[in-house]
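Written out below as structure tokens is the structure these notes cover.
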Amino acid sequence: MSIEQLVRPNIRRLQPYTCARNEYTGDARAWLDANENSRICVYNRYPDPLSLAVKERIGKLRGVSAGQIFLGVGSDECIDMVYRVFCTPGTDNAVAIDPTYGMYRVCADINDVEYRAVDLGEGYELDAEALLAATDAHTKVIWICSPNNPTGNAFDPDTIVEVARRFNGITVVDEAYIDFSPLPSTVSRLAECPRLIVMQTLSKAWAGAALRLGIAFASAEIVDIFNKVKYPYNINVLTQREALRLLDAEDHVRAVAAELSDARDRLTAELVMLDTVEHVYPSAANFLLVKVADPDGLYAWLRDRGIIVRNRNRVNMCSGCLRITVGSESENELLLQSLKEYDTLRN
């Protein structure tokens, strides 16, 4: 099925809002198109509606053209965009691995799209056959988060590409934690899979969570459709400027990501020594899924001491688990010290 056939009919017919700055790039001699206040020159000018400077920098980093990049207000806008473009409310459905990032389901509910959760296999492995078996003629999207949240494990890129090739709709791979993973990104596989979308973010390894900048890599055809649907100036000028500053620190970011990965492994080694810890699941991200004896009690005990982790005890296939981010050295030490105190009290 072609991309055009997958797009909602009303989106195919959509006449997008356009501005003069979609038609002109560079520095004009006079900006007289957008009714801005020309007398106070601080933040009086609208930002580049396509964030081209940021896209060009990201494109060089990831080996794609600027035309293959869509930027959203966090990954949440990218997720919502997939539903708005491809899924007809009340008719179409989406399939996703489970457990996984909760916003896929929330955005499906907001857009009135049926959400079909498919359990991961034992050990949280990806079952391509089970995912594909859950699809039908009205399935427009498959969601795969890798490294996955909250399980932390990454999936074989070849298995993901197999799903994308065999599925007749849009396969989305969310790689928010890819910079911590030893496995390669699937961005390099876009040419093989015209219906593949790969999402990344500046919120994790790039330490830009406050900027709210999500990235979707796809074919130029898909990106053109997303640009037609998005609001005209969705990425503000401050975010664009700070994103460029962060992207210039690529070497530092890669070094810190490696340090965090090492710290994750050291934290794992310390956690498995504690009586209250029953299991620490392998992780390719900057967090750990930890099975403990009394998750609700331990969560409350840590919270009361100002140590905030994520209670995943009620998430499918995560019974008994807390999700713990790898923090600074002092935060990790505080966590371990508190857990040792908890062990002492329980014993």
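General remarks:
- Counted charge near Leu238, where neighbours are those whose Cβ lies closer than 13 Å (Asp, Glu -1; Lys, Arg +1): +2
- The alpha carbon centroids of region 15-35 and region 188-251 are separated by 22 Å.
- Highest-MSF residue in the chain out of Ile40, Ile197, Ile160 [GNM, Cα springs under 10 Å]: Ile40
- All Cα-Cα separations within region 187-315 were binned at 5 Å from zero, giving a P(r) of 2, 8, 12, 14, 15, 14, 13, 10, 7, 4, 1, 0, each value a whole percent of the pairs.
- 0 to 90° range, to nearest 10: angle between helix 329-346 axis and the chain longest Cα axis: 40 degrees
- Rounded to 0.05, the FRET efficiency of the Leu238 and Ser65 pair, given R0 = 25 Å and the Cβ-Cβ distance, is 0.45.
- Cα-projected label distance for Met317 with Glu259, points at 7 Å along beta-carbon direction, nm: 3.4 nm
- In this calculation the C-beta distance from Asn347 to Asp136 is compared with R0 = 41 Å, giving a FRET efficiency of 0.20.
- Projecting the Cα atoms of Val118, Leu335, Thr139 onto the charge dipole of the chain (Cβ charges, centred on the Cα centre) puts Thr139 farthest toward the positive pole.
- With 10 Å bins beginning at zero, the pair-distance distribution over Cα atoms of the chain amounts to 5, 23, 30, 23, 13, 5, 1, 0 %.
- Computed helical MRE - 222 nm, the chain, DSSP H runs ≥ 4 contributing -39500 (n - 2.57), nearest 500: -11000 deg cm²/dmol
- Shape call, region 299-347: gyration tensor on alpha carbons, a/c limit 1.5: oblate
- A cut-off of 5 Å between modelled amide H atoms, ignoring neighbours fewer than 5 places along the same chain, links Val95 with Arg116, Val141, Ile142, Trp143.
- Mean separation of Cα contacts under 8 Å (6+ apart) over length of the chain, as relative contact order %: 17 percent
- This model, with +1 at the C-beta of Lys and Arg and -1 at the C-beta of Asp and Glu, gives region 158-213 a dipole about its Cα centre of some 160 debye.
- Relative contact order of region 57-203: 20 percent, from C-alpha pairs under 8 Å at least 6 residues apart in sequence.
- Taken about its Cα centre, region 3-248 carries a charge dipole of about 1120 debye when Lys and Arg each add +1 at the Cβ and Asp and Glu each add -1 at the Cβ.
- As a length-normalised measure over Cα pairs under 8 Å and 6 or more apart, the relative contact order of region 1-90 settles at 32 percent.
- In a simple Cβ point-charge model (Lys, Arg +1; Asp, Glu -1; nothing else charged), region 251-346 has a dipole of about 420 debye relative to its Cα centre.
- Considering only the chain, percent of DSSP beta bridges that pair antiparallel, nearest 5: 50 percent
- Here the translational diffusion coefficient of region 108-247 follows from Stokes-Einstein with Rh set to the Kirkwood radius across Cα pairs; for 10 °C and 1.306 mPa s it amounts to 97 µm²/s.
- Centre-to-centre, using Cα atoms only, region 317-347 and region 41-79 are separated by 38 Å.
- Gain upon complete extension [Glu221, Ala209; 0.36 nm per residue less C-alpha separation]: 1.5 nm
- Proximal lysines to Lys60, defined as alpha-carbon separation beneath 27 angstrom and excluding residues fewer than eight positions away on the same chain: Lys204, Lys228, Lys230
- Simple spin-label estimate for Arg166 and Tyr17 in nanometres, 7 Å along Cα-Cβ: 4.3 nm
None of the figures in this text is laboratory data; all of them are computed from the coordinates on show. Every value quoted in this text rests on a predicted model; they were computed, and no experiment measured them. Neighbour counts are summed over all protein chains in view; Cβ atoms, including those assigned to glycine, are modelled from backbone coordinates with ideal geometry.
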